[in-house]
Number of protein chains: 2
Amino acid sequence: MYTSLFLKTHRTPVIDGEEAAALESAVARTATFTAKQIMVRQQVPLTQCTLLLEGFVERYRDTPEGRRQILAIHIPGDFVDLHSYPLKRLEHSVAALTDVKVAMFPHTAVRALTAQSPTLTELLWRSTLIDAAINREWIVSVGARSAVVRLAHLFCEMYVRLERIGMAPDRTFALPLTQVDLADATGLTAVHANRMLRQLREQGLVAFRHGEVEILDWDGLRAFADFDPAYLFFD
Amino acid sequence: MYTSLFLKTHRTPVIDGEEAAALESAVARTATFTAKQIMVRQQVPLTQCTLLLEGFVERYRDTPEGRRQILAIHIPGDFVDLHSYPLKRLEHSVAALTDVKVAMFPHTAVRALTAQSPTLTELLWRSTLIDAAINREWIVSVGARSAVVRLAHLFCEMYVRLERIGMAPDRTFALPLTQVDLADATGLTAVHANRMLRQLREQGLVAFRHGEVEILDWDGLRAFADFDPAYLFFD
DNA sequence: CGGTTGGTTGATTCGCGTCAAAACTCGTGG
DNA sequence: CCACGAGTTTTGACGCGAATCAACCAACCG
């Protein structure tokens, strides 16, 4: 059941057994990528979508001045490029953060699903729009929050999302990023990110080391980060 | 023809006459709002979508610390909250920047369209995803571009979008924002935005005064702003 | 081992924010 | 028609948060 994790994390709209079976059968094949491999290059025409089954994936853009901006981090159960169905190509690249296993949905199969079920359509559409809501939350982060708070907010988001799929027991979870990656996600330099991580640790809120996050004080962290999970649409 | 401007600016996928008629007939009513009026409040359940016919609209979030982040600026022909159909509520607010005229699409009518035509579905879905691509470009702006470049980039984006609907003849167009609004959109303070605007004017690239933009050197501005319109998906 | 990648720290610089005040615009009412 | 006040733009002085530059260290690995 390639799609069971996706379906479990998207409870609106309600999907019946027949629709779930249709979605499952839209998988043409599975594939794997190794860590750091580029999965989708920007502006290249696409004919299929990718559902992440195992591992972590990033979406990012490189700027001519040599800066890199991470746009999204995906975890198992996320579609990493479902938006390529209506858009046909992407304006950013997608890369594997770890070794990764994915399921592929040909655009033709997605179209057949939309022709068949308005409810499935709404579900798939919704999942791309939740990504967009996360994009907007990141605009707020980089545009209106201080460096420490940005990092704290990112940890909150990743904790809540991972906890939901059972990948963050005991307020501890793997987040396979380097400090450079954290900096690229939050619009900071690696040096400053490093200092802010120390501050978060010393404040007793979160500790991040070697790609592992340990939440020390969840309520404190949430309050500090101004974190409200409404934008994740977990209902 | 409420939907003709929207259809004119979305050429992919190709829509036939019957589909265009179906879309047009999904309009339940029109409405007007006055400048500065809040059109949608965050977290309030919604039952209809709004297509902007005349005027300018902003989407924004307020932070507890009193900062405000503008997330998007909409122009005639844009759906301002089509994403409310799959999401049912929004995590940001929507306000009129000028007096505004809109067409309303009940969610039930949108659902009927998706049940009837996979092509229309793809078109509507696509339009929400172009908004998301713009969101991502804004992440790159606030996360990885300097203050002057951010402003230059915003002017490029608005010029290209407005030119396309005939609202930017002679490289001049109305952009009904104050300097405070520009600052809120780019993650700057109004004071610094003011200084950067002066710099852009003195560099001979763009001049902004009283809600009017005059592009002085389009090629220079594009190059300076690192502007590539691919993310607007004008095809 | 030496090379490579990631993390840590210090010194210094600078972009942008903050605070404050003045000039300007425009709508409104006396 | 002028006075007034609210909102906007402009400018200056100053301070801080984050970038930059530059070492140095730790872990890992062929």
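Could you please find all residues in the range B:42-71 being open to solvent by 10 Å² or more (accessible area, probe 1.4 Å), within 12 Å of chain A (Cβ to nearest Cβ) and assigned to a strand (DSSP E or B)?
B:Y60, B:R61, B:D62, B:R68
Quick check on the range B:133-153. Is at least one of its residues within 12 Å of another protein chain (Cβ to nearest Cβ), away from DNA strand C (no atom under 14 Å from the Cβ) and open to solvent by 10 Å² or more (accessible area, probe 1.4 Å)?
yes
Being closer than 24 Å to B:D181 by Cα and either outside any helix (DSSP H, G or I) or away from chain A (no Cβ under 14 Å) (or both): is that true of B:L82 here?
Numbers: closer than 24 Å to B:D181 by Cα: yes; either outside any helix (DSSP H, G or I) or away from chain A (no Cβ under 14 Å) (or both): yes.
Yes, satisfied.
Are any residues in the range B:189-210 open to solvent by less than 60 Å² (accessible area, probe 1.4 Å) and either in the same structural domain as B:A133 (by TED's automatic domain parsing) or in contact with a strand residue (DSSP E or B) (Cβ under 6 Å, 6 or more places away or on another chain) (or both), and if so, which ones? Even if it seems obvious, please write down each step before you answer.
Of the range B:189-210, the ones open to solvent by less than 60 Å² (accessible area, probe 1.4 Å) are B:190, B:193, B:196-197, B:200, B:204-208.
B:L197, B:L200, B:V206, B:A207, listed by residue number.
Taking A:D219 as the residue in question, decide whether it is open to solvent by 60 Å² or more (accessible area, probe 1.4 Å) and facing chain B (nearest Cβ under 10 Å). Full working, then the answer.
Numbers: open to solvent by 60 Å² or more (accessible area, probe 1.4 Å): yes; facing chain B (nearest Cβ under 10 Å): no.
Here the answer is no, as A:D219 does not meet what is asked.
Restricting the first residue to the range A:1-20 and requiring it to be within 13 Å of A:G77 (Cα to Cα), which pairs with a second residue that is among the aliphatic types (A, V, I, L, M) and at pLDDT below 95 meet a Cβ separation below 9 Å and a spacing of at least six or different chains?
A:L7/A:M1
Name the residues in the range B:178-188 that are open to solvent by less than 10 Å² (accessible area, probe 1.4 Å) and part of a loop (DSSP other than H, G, I, E, B), would you?
Of everything in the range B:178-188, nothing turns out to be open to solvent by less than 10 Å² (accessible area, probe 1.4 Å) and part of a loop (DSSP other than H, G, I, E, B).
Kindly establish whether B:D170 is at pLDDT below 95 and in a loop (DSSP other than H, G, I, E, B).
No, not satisfied.
Across the range B:181-216, which residue is nearest to DNA strand D (Cβ to nearest atom) among those that are β-branched (V, I, T) and within 14 Å of another protein chain (Cβ to nearest Cβ)?
First pass over the range B:181-216, keeping only residues β-branched (V, I, T): B:186, B:189, B:191, B:206, B:213, B:215.
Pick out the ones that are also within 14 Å of another protein chain (Cβ to nearest Cβ) and you get B:186, B:189.
Details: B:T186: 13, B:T189: 9 Å.
Only one residue fits best here, namely B:T189.
Going through A:E122, A:E157 one at a time, which residue ends up being buried (at least 21 other Cβ atoms within 10 Å of the Cβ), assigned to a helix (DSSP H, G or I) and either at the interface with another protein chain (Cβ under 8 Å from one of its Cβ atoms) or out of contact with any strand residue (DSSP E or B) (no Cβ under 7 Å at 6 or more places or on another chain) (or both)? Full working, then the answer.
Values: A:E157 fails: buried (at least 21 other Cβ atoms within 10 Å of the Cβ).
Criteria check complete, one pass: A:E122.
Go through the range A:160-209 and count every residue that is polar (S, T, N, Q) and within 8 Å of DNA strand C (Cβ to nearest atom). Give the derivation first.
To start, the set of residues in the range A:160-209 that are polar (S, T, N, Q) comprises A:172, A:178-179, A:186, A:189, A:194, A:199, A:203.
Adding the requirement that they be within 8 Å of DNA strand C (Cβ to nearest atom) leaves A:178-179, A:194.
Going through the range A:160-209 one residue at a time, the tally reaches 3.
The values are calculated or read from the model by the stated rules, or taken from the named source; none is laboratory data. Treat the numbers as computed from the prediction; the structure is a model and nothing was measured. A quick note on method: Cβ atoms are made from the backbone with ideal geometry, for glycine too, and the neighbour counts reach across all protein chains shown. Accessible surface is based on the protein model in full, side chains and every heavy atom, while ligands, DNA and RNA are left aside. Shrake-Rupley method; radii C 1.70, N 1.55, O 1.52, S 1.80 Å.
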